[in-house]
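Enquirer: Quick one: the structure is below, questions incoming.
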Amino acid sequence: MSSAMHIPDDPGRRGAVGVAVRDGRMLVIRRARTVVAPLVYCFPGGGIEDGESEEDALRREFREEIDVEFRPVRRLWECVTAWKVQLAWWFGEVPGGAVLTPNPREVESVHWMTVAEMAALPTLLESNREFLRLLTAGEVVLGGERSARPQ
């Protein structure tokens, strides 16, 4: 029973990823030089601490990484990375007029990108690439609102 999508009973570390969309573009960060996978592009998120829900982890990570409130709306997908981290993917919202301020210890820069722009990045985390593939194929659907449909 060794399938790429098989979720082990105890994968070890757990993380949560938040996908926010504005005007057909998704919120993307470029990781700082000093963290694991330096200067790589990815959706915001991070590890889930003991006793923390996926939603609470996302709220904390968005505050820590880019100083913005994130409102988780719906769980989208789950995967296990090559590093055996079980990731929960969530669609959510950030306030419309919010200023996104990167924490330089964790984030180099913040961007709003289309699916095509993200897919073209040579330094995109592989789990993010798989998510984009599923999104493009219609296997993952973000939301019914027009503003929630990335290009």
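Enquirer: Once R0 is set to 30 Å, what does the formula 1/(1 + (r/R0)^6) return for the Cβ-Cβ distance between R133 and R71, expressed as a FRET efficiency to the nearest 0.05?
Expert: Approximately 0.70, to the nearest 0.05.
Enquirer: At 10 °C and 1.306 mPa s, grab the translational diffusion coefficient of the range 1-118 from Stokes-Einstein with a Kirkwood Rh over Cα pairs, rounded to a whole number in µm² per second.
Expert: Using the Kirkwood radius from Cα pairs, D works out to 108 µm²/s.
Enquirer: Something else now. Under unit Cβ charges (Lys, Arg +1; Asp, Glu -1), what dipole magnitude, rounded to 20 debye, does the chain have relative to its Cα centre?
Expert: 460
Enquirer: Still on this structure, I have one more. For the chain, calculate the relative contact order in percent as a whole number, restricting contacts to Cα pairs under 8 Å that are 6 or more residues apart. Each step should come with its number before you reach the end.
Expert: Numbers: 299 pairs, mean separation 47.1, N = 151.
Contact order relative to length: 31 percent.
Enquirer: Quote to one decimal, in nm, the extra length available between K84 and T101 on full extension: 0.36 nm per residue of separation minus the C-alpha distance between them.
Expert: Difference between extended and current length: 3.1 nm.
Enquirer: May I have the convex hull volume per residue, in Å³, for the Cα set of the range 96-146?
Expert: Each residue corresponds to 114 Å³ of Cα convex hull volume.
Enquirer: Could I get the Rg over Rh figure for the range 51-122? Both from C-alpha atoms, Rh via Kirkwood, rounded to two places. Don't skip to the answer; put the middle values down first.
Expert: Values: Rg = 13.5 Å, Rh = 13.9 Å.
Rounded to two decimals, Rg/Rh equals 0.97.
Enquirer: How far, in nm, would the chain grow between R63 and E117 when pulled straight, counting 0.36 nm per residue and subtracting the alpha carbon separation?
Expert: 16.9 nm
Enquirer: Treating only the Cβ of Lys, Arg, Asp and Glu as charged (+1, +1, -1, -1), what charge dipole size does the range 18-100 show about its Cα centre? Round to the nearest 20 debye.
Expert: Values: 12 positive and 14 negative charges, 87 e Å.
Dipole size: approximately 420 debye.
Read-outs: derived from the displayed coordinates by stated rules, not from any lab. Note that the coordinates shown come from a computational prediction; the quantities given were computed from them, not determined experimentally. Virtual Cβ from ideal backbone geometry, glycine too; neighbours counted across all protein chains shown.
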